[in-house]
Amino acid sequence: MTTKTNILTDSFYRKHTYLRISLTERCNLRCTYCMPAEGSVLSPKEHIMTADEIYNIAKTFVKNGVTKIRLTGGEPLVRKDAISILEKLASLPVEIGITTNAVIVDKFIPTFKRLNIKLINVSLDSLDAGKFEQITRRNYFKKVYDNIILLVKEGFAVKLNAVLIKDFNDNEIINFIELTKNININIRFIEFMPFDGNQWNIKKMVSYQEIMAVVHDYFNNKNVIRLEDAQHDTSKNYKIKGYQGSFAIISSVTNPFCDSCNRLRLTANGHLKNCLFSATEQNLLSAYRKGDNVEHLIQKAIQGKFKVRGGMDTLQKLQEPKLHSKNRSMINIGG
Ligand code: SF4
């Protein structure tokens, strides 16, 4: 298969081989930093990509060089035709991953195994049931926790994503890492990022440096092993000596990793975002429904990509509400 790489390569020679597709704007949780308190305005149903549209648009990306697709949401598994979408995408020559809140993931384990889907990222911001309910506005902690353990037991490669917020769950860093003592899981601490409606403030963010200070203080430097990061990795990876699992930090705010970015995002209503922070999008779905070839729109989106964080290349710019409020809320991007 010849790969026409140019449309996926931006003006900084970054090749975009990883497509994150949001299947839905709906979710069965209401996380405070993701979903605006008043709920998010859902796109009309007819504006959401159908299973066939997701498959055909994804096929165009794969034909041009995409090798990995991650399904996100909202919560991707609440979509009624999620299994049919998984089956269609699994027929493409790509690695498939899922980002889920794990509330109903147990129901999909047979499907994942049948389709050889192994990469499961789970969002969990607290190991405390009370705090879980506070941040998600739902009391599903036990269900989620049991499902995480089940996924690990069933042999899936599980990454646990925790957004750290100061004076809320930053006192759980050690508890999360202690989870890796006897469980082969990768805990990823995420610096809190600004998105529309999430009341972000840099004072609420727990930085990479602050997290590592807590880790070194508790485990002592000699027990903290720096692991090699994979190519295009968004996280800096570590392991505690003798522990089965590992932990990592995604430092988009204090230490962005845009140089090796290979990620694109397709929203549930078929808009292509060339960056998590980009305020501009290309509407692939409308063009696709008109029968147009969407490759030129894909190329246009990628050629318009900024080097760093959608143009917010300094912390000062990132703190500029006028800039980051032009973006969508996280629920409508899918992380
Ligand atoms: S901020 Fe944008 S450019 Fe940077 S790594 Fe994330 S998606 Fe890529």
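The values are calculated or read from the model by the stated rules, or taken from the named source; none is laboratory data. These numbers come from a predicted model, not from an experiment. When we count neighbours, we look across all protein chains shown, and the Cβ atoms used for this are built from the backbone with ideal geometry, even at glycine. Note: accessible area is taken over every heavy atom of the protein model, side chains too, but ligands, DNA and RNA are not part of it. Shrake-Rupley method; radii C 1.70, N 1.55, O 1.52, S 1.80 Å.
One residue alone among R265, R309 is basic (K, R), touching a Lys or Arg at 6+ places or on another chain (Cβ under 6 Å) and either open to solvent by less than 50 Å² (accessible area, probe 1.4 Å) or more than 10 Å from the ligand (Cβ to nearest atom) (or both), and that residue is R265.
When residues in region 282-303 are screened for being within 16 Å of the ligand (Cβ to nearest atom), open to solvent by 20 Å² or more (accessible area, probe 1.4 Å) and under 27 Å from P76 (Cβ atoms), 1 of them pass. If you go through region 214-237 and keep only what is more than 16 Å from the ligand (Cβ to nearest atom), farther than 15 Å from F176 by Cα and out of contact with any strand residue (DSSP E or B) (no Cβ under 8 Å at 6 or more places or on another chain), you end up with D217, N220, N221, K222.
Among the residues of region 147-194, the ones that are of a type outside the set (D, E) and not in a helix (DSSP H, G or I) come to 29 in all. Looking at region 274-281, is at least one residue outside any loop (DSSP other than H, G, I, E, B) and either away from the ligand (no atom under 11 Å from the Cβ) or out of contact with any Phe, Trp or Tyr (no Cβ under 8 Å at 6 or more places or on another chain) (or both)? Checked against the condition, which is being outside any loop (DSSP other than H, G, I, E, B) and either away from the ligand (no atom under 11 Å from the Cβ) or out of contact with any Phe, Trp or Tyr (no Cβ under 8 Å at 6 or more places or on another chain) (or both), region 274-281 yields no hits at all.
Contact map, region 181-208: residues that are free of Cβ contacts under 8 Å to residues at least 40 places away in the same chain paired with residues that are buried (at least 18 other Cβ atoms within 10 Å of the Cβ) and assigned to a strand (DSSP E or B), Cβ distance under 9 Å, separation 6+ or inter-chain. Pairs shown: K204/I165.
Counting only residues that are assigned to a helix (DSSP H, G or I) and of a type in the set (A, V, I, L, M, F, W, C), how many does region 96-146 have? Number of matching residues: 9.
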